[in-house]
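*Asks:* First, the structure itself, so that you have it in front of you.
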Amino acid sequence: MHRRQRSGKPAKEAPPLVTVADIAGRRVLAAVDPAAALVGLTPGMSLADARARLPELRLVDADPGGDAKALAEFADWCGRFSPWTSVDGTDGIWLDVTGCVPLVDSEEALARDLVARAARLGFTARAAVADTAGAAWAVARYAGLPSSSVRILASGEARAALAPLPVAGLRLPAEIVQDLKRLGLKRIGDLYGMARAPLAPRFGELVARRLDQALGLLEEPISPRQPVVPRLVRRILAEPISTPEAIEHGLIQLMALLCRQLEEEGLGARRLEFACFRVDARVERTAIGTSRPSHEPAHLGRLLTEKICQIAPGFGIELLQLRALDVEPLAARQLGLDAKETDGTVAPLVDRLANRLGARNVLRLVPENSHLPERAARAVSVLDGRHDAKHRQDWPASRPRPIRLLTYPDPIEVMAPVPDDPPLMFRWRRVPHRVRRAEGPERIALEWWREPEAGTDGIRDYYRVEDEAGRRFWLYRRGLYRPETPPAWFLHGFFA
């Protein structure tokens, strides 16, 4: 059923509905509803022929982009049956239900539940379950199943079930299907006894590969729409819920289960996703990240609870799912005799700020491989785990550095007795400062692969100085001393 038809409830006397698309300059039918199909209208028929049969047709322009989006949303909702779900073309969905059957009575019960729920949502669907994806695809589309029906192929039945179906059931291009029909190969069973060698020069390896995939002689991987992670917990609700309190209660239960699993594996979560599957085939998702691996249910639950207000329950939520998207090994931490942490970590506070204000607005410094002070560190998000290994290492050993570094060094006027001696007095922003103590110089040179500033050689001589008021500054002289060129001095930072 077309998604436009699901958006409203037309009267019983309303004429059939079709969607129309422009293909090669012709107006043709892209999709038809059941009422139009009963009078012989089919996709691909020209609009002129359709109107000749049924002048009172209701027409809607085809919207491939909107249809693809609606199918993708429905595929996400089908994740309530299996996490290994993918979109198939423009009108189908793959579900790998391996390992999911023990959660229900049988494969048939799972398929019938899926088709029945789809029908209540306004989708007309047929389902087939088989050992291979190719066999299920062919049976669902070409076995003549009535609407909202299910067929289950037992193990080993695929070969017999596929034999009477047309060769189009092997997911072959239309031109190859026509060429096979010209050769008298109209059914899939006609290909069983044929040698592969005569087919290859004319059709390539596609026909043989599709046949082997359908019969289970060749593996056919299916890429899931959403990344499938092994650390996933879910809860099917007896009745749909819609209140924040009920959602929070379910989240707390799932968080306890997931954190227990992570703790047993010695892992901590860096990114979690909480998904709510609504009864109207929509999925509400929200995610949080952490600055350090964690499996503490209270802390992680508090982060996700703050985002429950962003979840729109609609007509109700029937399934809750929590999964750890990124995990890392969690090292043991030393505890004191009073069972309190000895490192005084502020990770919980950092996580709350980052998830509330945005990961890009809470930053930390990580070391960079550079001698220049302004390039020796870089600000990254606290939730960015790519720099954790470098961040956990000790910063490179160096001489004392100021707690505050100016983004752009300020020029100053300096009085120094000889070029290599520290200054006796300097003037910064028209305020004179008499130097009481000084230490230096510390020479820092520009990396050889970088170009120095125009008119300089890329060398700086730094001094730590203290004025008579006890204020401490970080000064430097740019370039080597040259009698014909007066040295340029700059203020670069402040010590505590």
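The values are calculated or read from the model by the stated rules, or taken from the named source; none is laboratory data. Bear in mind the structure is a predicted one, so any value in this text is a computation, not a measurement. Because the Cβ atoms are built from the backbone with ideal geometry, glycine has one as well, and the counts that use them run over all protein chains shown.
*Asks:* May I ask you to say which residue of R58, R80 is under 25 Å from L121 (Cβ atoms), of a type in the set (K, R) and within 24 Å of the chain's Cα centre (by Cα)?
*Replies:* None of the others qualify; the one that does is R80.
*Asks:* Does F426 qualify as being surrounded by 15 or more Cβ atoms within 10 Å (Cβ to Cβ), more than 52 Å from the chain's Cα centre (by Cα) and either under 16 Å from P409 (Cα atoms) or among the hydroxyl-bearing types (S, T, Y) (or both)?
*Replies:* So F426 passes the test.
Each row is one residue, and each column tells you yes or no for (1) within 30 Å of L365 (Cα to Cα); (2) modelled with pLDDT under 85; (3) among the β-branched types (V, I, T).
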residue: D421; (1), (2), (3): no, yes, no
residue: R436; (1), (2), (3): no, no, no
residue: E439; (1), (2), (3): yes, no, no
residue: W448; (1), (2), (3): yes, yes, no
residue: A469; (1), (2), (3): no, no, no
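*Asks:* With respect to V177, is the statement that it is of a type in the set (V, I, T) and modelled with pLDDT of 90 or more true?
*Replies:* Answer is yes for this residue.
*Asks:* Sticking with this structure for a sec: Mind counting the residues in the stretch 38-74 that are surrounded by 16 or more Cβ atoms within 10 Å (Cβ to Cβ), assigned to a helix (DSSP H, G or I) and of a type outside the set (F, W, Y)?
*Replies:* So the count comes out to 5.
*Asks:* Just wondering, is there one or more residues in the stretch 195-211 that are under 18 Å from V129 (Cα atoms) and touching a residue at least 24 places away in the same chain (Cβ under 8 Å)?
*Replies:* yes
*Asks:* Looking at (1) buried (at least 22 other Cβ atoms within 10 Å of the Cβ); (2) at positive phi; (3) of a type outside the set (A, V, I, L, M), which one does G266 not meet, given that it meets all the others?
*Replies:* Unmet for G266, out of (1) buried (at least 22 other Cβ atoms within 10 Å of the Cβ); (2) at positive phi; (3) of a type outside the set (A, V, I, L, M): (1).
*Asks:* Any chance the stretch 477-490 includes a residue that's within 44 Å of the chain's Cα centre (by Cα), closer than 28 Å to P367 by Cβ and touching a residue at least 12 places away in the same chain (Cβ under 8 Å)?
*Replies:* no
For every residue, the table says whether it meets (1) buried (at least 19 other Cβ atoms within 10 Å of the Cβ); (2) hydrophobic (A, V, I, L, M, F, W, C); (3) without any contact (Cβ under 8 Å) to a residue 60 or more places away in the chain.
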{"position": "C276", "(1), (2), (3)": "yes, yes, yes"}
{"position": "V283", "(1), (2), (3)": "yes, yes, no"}
{"position": "L304", "(1), (2), (3)": "yes, yes, yes"}
{"position": "K307", "(1), (2), (3)": "no, no, yes"}
{"position": "F315", "(1), (2), (3)": "no, yes, no"}
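*Asks:* Residue under question is E451, and the condition is that it be of a type in the set (D, E), surrounded by fewer than 17 Cβ atoms within 10 Å (Cβ to Cβ) and without any contact (Cβ under 8 Å) to a residue 24 or more places away in the chain; does it hold?
*Replies:* Here the answer is yes, as E451 does meet what is asked.
*Asks:* If you check R141, R182, R120, which single one turns out to be assigned by TED's automatic domain parsing to the domain that holds R209, closer than 27 Å to D33 by Cα, surrounded by fewer than 15 Cβ atoms within 10 Å (Cβ to Cβ) and basic (K, R)?
*Replies:* So the residue among R141, R182, R120 that is assigned by TED's automatic domain parsing to the domain that holds R209, closer than 27 Å to D33 by Cα, surrounded by fewer than 15 Cβ atoms within 10 Å (Cβ to Cβ) and basic (K, R) is R120.
*Asks:* Now for a different question. Take the residues in the stretch 98-123 that are under 30 Å from the mean Cα position of the chain (by Cα) and assigned to a loop (DSSP other than H, G, I, E, B), then tell me which one is modelled with the lowest pLDDT.
*Replies:* V104
*Asks:* What are the residues in the stretch 212-252 that are small (G, A, S) and assigned to a loop (DSSP other than H, G, I, E, B), if any?
*Replies:* G216, S223, S242
*Asks:* Could you check R464 against (1) in contact (Cβ under 8 Å) with a residue 40 or more places away in the chain; (2) over 50 Å from the mean Cα position of the chain (by Cα); (3) surrounded by 15 or more Cβ atoms within 10 Å (Cβ to Cβ) and say which number it fails?
*Replies:* (2)
*Asks:* Now a separate question. Take the stretch 263-299 and flag every residue that is touching a strand residue (DSSP E or B) at 6+ places or on another chain (Cβ under 6 Å) and either among the charged types (D, E, K, R) or in a helix (DSSP H, G or I) (or both).
*Replies:* R270, R271, E273, R278, E284, R285
*Asks:* So, one more: Restricted to the stretch 410-428, and to residues that are among the hydrophobic types (A, V, I, L, M, F, W, C) and assigned to a loop (DSSP other than H, G, I, E, B), which residue is farthest from G470 (Cα to Cα)?
*Replies:* V418
*Asks:* Looking only at the stretch 114-161, how many residues end up being among the β-branched types (V, I, T) and under 21 Å from R210 (Cβ atoms)?
*Replies:* 3
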